[in-house]
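So the structure is just underneath, and the comments pick up after that.
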């Protein structure tokens with residue numbers, strides 16, 4: 001990202017002209033962008049941060065250092081009136097929070113010396129939106145429902161009009177179900193990312209894992225538990241080579257399209273729209289009660305819940321899903337209503353056994 005060259009704010013003199021005020025405001029925004037780049041935030045996310053700040057400045061119509069809490073109140077209320085999604089309003093409030101925290105921490109003294117204003121954080125506990133994820137719970141289907149869906153899907157593969165794309169789409173959905181991969185993580189896998197030499201069962205090298213707060217990709221190794229090793233053996237032994245001769249190229253996509261690159265002749269990578277549509281079609285055919293509700297991300301929730309019900313601890317599930325915070329993982333766990341009661345009875349039985357001894 002190209003940024004304007006910024007001068008030392010601490011050495012600046014008091015501002016007087018309109019042009020000086022405008023340049024100073026631009027410098028503050030540029031310094032914020034530079035700090036975010038230094039923290040590892042990607043160019044695209046930094047660009048979105050800048051656009052939010054400039055949108056807020058245009059809305060208030062005055063310099064950022066004069067911002068008050070009621071300005072943020074009006075801005076967020078206007079965002080809702082415009083029909084912005086709750087997640088969008090929450091995200092923009094977070095951007096403004098980070099921007100003004102940056103100004104207060106680094107340049108509060110300079111701003112007062114140059115403008116005469118005392119800057120304070122205008123986003124507080126009264127106008128900060130609550131996170132939408134805490135309200136919108138994505139409860140996945142039950143174990144038996146998912147078994148029904150994938151069982152019927154698997155049996156239909158030999159009779160599919162086009163076997164190769166049908167098998168590929170089943171393979172991708174199985175990775176969401178069994179390994180908890182995000183859809184982007186799965187379609188960005190290459191053949192070399194399957195490492196059967198690692199661990200007891202092999203591991204998937206997820207190189208394009210989602211990083212927190214826009215800080216680029218966060219790679220991780222996902223162990224081939226939950227029958228992932230058998231799934232990979234079926235795919236690489238029986239199916240992948242039928243797409244083309246690039247099956248032996250370690251840099252070829254694990255989940256290819258039937259289309260070929262004009263220059264290299266290799267299969268191009270499949271897109272997410274095709275995978276989403278295939279899952280929707282399978283749900284429509286074999287699990288109609290979940291039409292319009294079961295998504296790739298819903299299968300990721302199912303994976304977390306299934307592993308937890310089978311006894312895996314939350315920390316291990318956190319590592320498999322690639323979450324930065326354990327609190328995020330807990331929101332992916334949806335268990336049957338009697339799970340807590342069973343856990344309580346088991347704990348009481350252990351206590352009673354110790355007393356008897």
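The values are calculated or read from the model by the stated rules, or taken from the named source; none is laboratory data. The structure presented is a predicted model; accordingly, all values stated were derived computationally and were not measured. Positions of Cβ are backbone-derived with ideal geometry, glycine not excepted, and every protein chain shown enters the neighbour counts.
Computed quantities for the displayed model
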{"read-out": "Only listed residue being surrounded by 16 or more Cβ atoms within 10 Å (Cβ to Cβ), in contact with a strand residue (DSSP E or B) (Cβ under 8 Å, 6 or more places away or on another chain), under 30 Å from residue 289 (Cβ atoms) and touching a residue at least 24 places away in the same chain (Cβ under 8 Å), chosen from 149, 181", "value": "181"}
{"read-out": "The stretch 184-219 - residue that is modelled with pLDDT under 95 and assigned to a strand (DSSP E or B) and, of those, surrounded by the fewest Cβ atoms within 10 Å (Cβ to Cβ)", "value": "217"}
{"read-out": "Check on residue 156, surrounded by 12 or more Cβ atoms within 10 Å (Cβ to Cβ), assigned by TED's automatic domain parsing to the domain that holds residue 57 and either farther than 20 Å from residue 53 by Cα or out of contact with any helix residue (DSSP H, G or I) (no Cβ under 9 Å at 6 or more places or on another chain) (or both)", "value": "no"}
{"read-out": "Search result, residues across the stretch 264-297 that are buried (at least 20 other Cβ atoms within 10 Å of the Cβ) and closer than 18 Å to residue 177 by Cα", "value": "275, 279, 282, 283, 294, 296"}
{"read-out": "Residues (in a helix (DSSP H, G or I) and surrounded by fewer than 23 Cβ atoms within 10 Å (Cβ to Cβ)) located in the stretch 159-169", "value": "159, 163, 164, 165, 166, 167"}
{"read-out": "Residues being within 16 Å of residue 162 (Cβ to Cβ) and touching a helix residue (DSSP H, G or I) at 6+ places or on another chain (Cβ under 7 Å) - total across the stretch 259-273", "value": "2"}
{"read-out": "Hey, residue 261 touching a residue at least 12 places away in the same chain (Cβ under 8 Å), in contact with a strand residue (DSSP E or B) (Cβ under 8 Å, 6 or more places away or on another chain) and surrounded by fewer than 13 Cβ atoms within 10 Å (Cβ to Cβ) or not", "value": "no"}
{"read-out": "Which listed residue is farther than 23 Å from residue 304 by Cα and in contact (Cβ under 8 Å) with a residue 60 or more places away in the chain, from 254, 236", "value": "254"}
{"read-out": "Test: residue 231 is in a helix (DSSP H, G or I) and surrounded by 14 or more Cβ atoms within 10 Å (Cβ to Cβ)", "value": "yes"}
{"read-out": "Residue 311 being surrounded by fewer than 20 Cβ atoms within 10 Å (Cβ to Cβ), at pLDDT below 90 and not in a helix (DSSP H, G or I)", "value": "yes"}
{"read-out": "From the options 327, 277, 306, residue that is out of contact with any helix residue (DSSP H, G or I) (no Cβ under 6 Å at 6 or more places or on another chain) and modelled with pLDDT of 95 or more", "value": "277"}
